[in-house]
Every structure is written in structure tokens, then in C-alpha cells.
Amino acid sequence: NLLNQEIIRLKEKMNFPVDEELHIVNDDSISLVVKSAQTAFEIYADAKENNPTVHEAELDIKYQALALKSDKGKWLPRISAEAGYSTSFSRYMDGREYEPFKDQLKNRQGHDDGFNLSIPIFSGFSNYASVKRSKAQTIIAGQNHTETLRTLYSEIEQAVSDVNGLVDEYIQAKRQTESMNIAHK
């Protein structure tokens, strides 16, 4: 009864229908346990292309490079152009005659054009500090990217060696079990 309750609990945990029978196959085949077919470097090359942390580090480098260009651009003079058009219409409320709508719009037209030249002379120290800060952030982003790649490779190499070591351990345990069975017989 206790065994049946345990089986029902496991079926529920696995989202397996409780009313169906669960068949457990004991396959002593060692073919399912194999060492990694790929080297750590091959896995790393694939992970470098698909790992979101690596993509984030690469995008951070690009962002910092663009921020540096933007801060350097603050040293350059700026030229801006403006243009405007205006017109108006009014009506007297005391009953006097007024010009027709289309004549007022035509006669009261106004145009304005302008150019503006801004040369950053007095903001030099803040621009200089922001360029230096952006250069430092770009270097930090590059180092973070390198550290991310190094950590990724280290984790992959450790995982591959763990898998291969566990496979060797499993094979050794399987052989030991076989020899113990032979000795027992």
C-alpha cells in the first residue's frame, strides 16, 4: 500500500495520468552514457555566437563607442536653420465691416528665416571630462567582454570535463557491479 501511494505521488509529480499504468524499463545498455563528442573549444565557438550574456557585452561595447563619438561631437560647432510662416484672421464684434477671410489670410502673411551658429567655447571643461569618462567606459566595456568570454570558456571546459569524468566514473561503477555480481555467483 505504501509503495502504491509512492507510485501515485511520483506520477502526479511527473504529470503522468494516475489511472494509467507506468512501465519502468531497466535497460542496462551503456550506449546512452557517452563522453562528449565535441571539444570544449567547439562548444565555446557555438556558445559565443548564441549566448545572450556575450551578446549583451558586445552591445555594451558598441553603445560605449557611440557614446564616445557623441561626446566628441560636443566639441564641434553647431549650425541650425529655422523657417516660419504665419497669418491671421480677425473679426470686429461691434458690427463694423471687415475684410473677407481669404483676403485677410493673404494680406497678413508673415515669413521668417534664420540661421544659428553655436561654437562651444565655454563648455570645454565639461566636454573634456565627458570625453575622458566615455573613453574609460569604452575600455571597461571591452574588459568586461573579455572577462565574459573567459568565464564562458572556463564554464564550458569545466562542464565538458565533468561530463567526461562522470562517464568514466559510471563505466567504472558498472564494471565494478558486474565483477561483484560474478563474485557473488
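The values are calculated or read from the model by the stated rules, or taken from the named source; none is laboratory data. Not measured: the values here are computed from a predicted model. Here Cβ is always computed from backbone atoms with ideal geometry, including for glycine, and neighbour counts include all displayed protein chains. Quick note on the areas: whole protein, heavy atoms, side chains included, nothing else; ligands and nucleic acids left out. Shrake-Rupley method; radii C 1.70, N 1.55, O 1.52, S 1.80 Å.
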Handout entry: For the stretch 108-119, Karplus couplings with θ = phi - 60° (6.51, -1.76, 1.60), whole Hz, Gly/Pro x
Key = 9, 6, x, 10, 9, 10, x, 10, 10, 10, 10, 10
Problem - Dipole-positive endmost among L2, A47, F16 within the chain (Cβ charges, Cα centre) - result: A47
Practice task
Compute the Kirkwood hydrodynamic radius of the stretch 1-145, taking the inverse of the mean of 1/r over all pairs of distinct Cα atoms, and give it in Å to one decimal.
Solution key: 25.2
Handout entry: Entries of K13/K174; K35/K174; K13/K35 with Cα pairs more than 26 Å apart
Key = K13/K174; K13/K35
Problem - Only Lys, Arg (+1) and Asp, Glu (-1) charged, at Cβ; the chain dipole about Cα centre in debye - result: 1200
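Run the accessible area of the chain with a 1.4 Å probe and give the carbon-and-sulfur part as a rounded percent.
Summing carbon and sulfur atoms, their accessible area is 56 percent of the total for the chain.
Roll a 1.4 Å probe over the protein chains and send me the accessible area per residue for the chain in Å².
Details: 15340 Å² over 185 residues.
Per residue, the chain has 83 Å² of solvent-accessible surface.
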Fill in the blank from the handout: As straight-line cross-link partners of K132, the qualifying lysines (C-alpha separation under 28 Å, not fewer than 8 residues apart within one chain) are K62, K69, K72, K74
Practice task
Could you rank R9, R108, R175 by how accessible they are, 1.4 Å probe, largest area first?
Solution key: R175, R9, R108
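Multiply the residue gap between Q109 and T177 by 0.36 nm, knock off their C-alpha separation, and tell me the result in nm, one decimal place.
Working: separation 68, 0.36 × 68 = 24.48 nm, distance 10.08 nm.
That pair, Q109 and T177, stretches by 14.4 nm at full extension.
When ranked by the protection proxy of mean other Cβ atoms within 10 Å per residue, highest first, what sequence do the peptides 150-158, 72-80 form? Numbers along the way, then the final one.
Numbers: 150-158: 14.4, 72-80: 11.1.
Final packing ranking: 150-158, 72-80.
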